[in-house]
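The values are calculated or read from the model by the stated rules, or taken from the named source; none is laboratory data. As the structure is a prediction and not an experimental result, all values here were calculated from the model. Using ideal geometry, Cβ is built from the backbone for each residue, glycine included, and neighbour counts are taken over all protein chains shown. Please note that ligands, DNA and RNA were not included when accessible areas were found on the heavy atoms of the full protein model with its side chains. Shrake-Rupley method; radii C 1.70, N 1.55, O 1.52, S 1.80 Å.
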Amino acid sequence: MGAERTPVIAGNWKMNGLKQDGLALARDVAAGAGAYRCEFVVCPPATLLAAASEVLVGSGVHLGAQDCHAEPDGAHTGDISAAMLVDAGCSHAILGHSERRADHGEDDATVLAKATAALAAGLTAIVCVGETEAERDAGQALDVVAAQVAGSVPENATAANTIVAYEPVWAIGSGRTPTPSEIQAVHAHIRSAIAGRLDGGAAAAMRLLYGGSMKPGNAAELLAIEDVDGGLIGGASLKAEDFLAIAQSCP
Ligand code: PGA
């Protein structure tokens, strides 16, 4: 981790959490968060955003959504605009998670449009990229991830308004992770792809998160990797104790 980049520990709750348990989790994260030097983001399901924002007031824990629509308003039944997320108390949005790319057919152009809308509304975009197992086995991980960065990160992205999360699809929820040197190779490649797309200063300062089976037992090793500036955590973000233990591992 670069000393100049404040780590980000982000929890992606996915489609988990009813009011009682979800707000208790938000409350427990808020209560514990003050003691760490990282930035915290929690991304509950859309149904809990407004209530979670009340719970998080004054805690310093940021609230993120898991998606947004690319359009500011209109006839899009079931969708939520970036401005609506801001209105509900969000400061961040995850865009292009592999589960959305797979379940909803989101391609790089869709993710780019959503990230652009998020930035326009004042949200910080957490743009996700990552190769499938077949792509890794074929030796294509670096090329796939660089193409996703080129296709999904907006041209007006800055280190202040954008975070990139590298999440190998095969590592998500599987208990498997790449080795630290494999992760470093991808993160260095992402940073140079960002330098090519934006500029060197933005690339050097942008936070690059690792995601995929991060948990208390492996967080110290993963968060110590040079170009890893935090984590995007799924399963282990559903227990405040585990989520905070991961934050404790930030170097
Ligand atoms: P996981 O999920 O930590 O459960 O592997 C990470 C993610 O999909 O963001």
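Observations on the structure shown:
- Test item: Cα-centred dipole of segment 1-98, Lys/Arg +1 and Asp/Glu -1 on Cβ, debye: 360
- Taking all Cα pairs closer than 8 Å and separated by 6 or more residues, the relative contact order of segment 183-227 comes to 45 percent.
- Model label sites at Ala138 and Gln20, defined 7 Å from Cα along the beta-carbon direction, differ in position by 4.8 nm.
- With the convex hull drawn over the C-alpha atoms of segment 143-251, the volume per residue is 99 Å³.
- Taking one quarter of the surface of the C-alpha convex hull of segment 112-177 gives a mean projected area of 4.9 nm².
- Within the chain, the selection of entire DSSP H helices by a Cα span of 15 Å or greater along the long axis and an average Kyte-Doolittle value of at least 0.5 returns 108-120, 141-152.
- At full extension, Ser192 and Asp73 could sit 39.3 nm farther apart than now, given 0.36 nm per residue minus the alpha carbon distance.
- In a reduced charge model with +1 at each Lys and Arg Cβ and -1 at each Asp and Glu Cβ, segment 88-129 shows a dipole moment near 140 debye about its Cα centre.
- Summed over the residues of the chain and divided among them, the accessible surface reaches 41 Å² per residue at a probe radius of 1.4 Å.
- Normalised convex hull volume, the chain, alpha-carbon set, Å³ per residue: 111
- Accessible carbon and sulfur surface of segment 1-43 relative to its total accessible area, %, 1.4 Å: 52
- Rounded to the nearest whole angstrom, the semi-axes of the ellipsoid equivalent to segment 1-69, taken from the Cα gyration tensor as √(5λ), stand at 21, 14, 9, largest first.
- The portion of the accessible surface of segment 150-231 made up by carbon and sulfur, rounded to a whole percent, is 56 (1.4 Å probe; DNA, RNA and ligands excluded).
- Lys-Lys pairs in the chain that are eight or more residues apart or on separate chains and whose Cα atoms lie under 24 Å of each other come to 5.
- Here the translational diffusion coefficient of segment 55-200 follows from Stokes-Einstein with Rh set to the Kirkwood radius across Cα pairs; for 4 °C and 1.567 mPa s it amounts to 82 µm²/s.
- Segment 1-79: GluC sites (Glu not before Pro) in DSSP loop, at most 13 other beta carbons within 10 Å: Glu4
- Segment 56-71-segment 155-212 distance, computed between alpha-carbon centres (Å): 20
- Mean projection area, nm², convex hull over Cα of segment 16-116: 7.0
- The calculated FRET efficiency for Ala31 paired with Ala160, based on their beta-carbon distance and R0 = 25 Å, is about 0.35.
- Look at the alpha carbon pairs under 8 Å that are at least 6 residues apart: their mean separation over the length of segment 130-251 gives a relative contact order of 25 percent.
- Estimated at 0.36 nm per residue, the fully extended path between Thr47 and Asp199 surpasses their Cα-Cα distance by 51.0 nm.
- Residue-averaged [θ]222 nm for the chain, counting only DSSP H segments that reach four residues, each worth -39500 (n - 2.57): -12000 deg cm²/dmol
- Taking a point 7 Å out from the Cα of Gln184 in the direction of its Cβ, the residues of segment 1-30 whose backbone N falls within less than 16 Å of it are 1-3.
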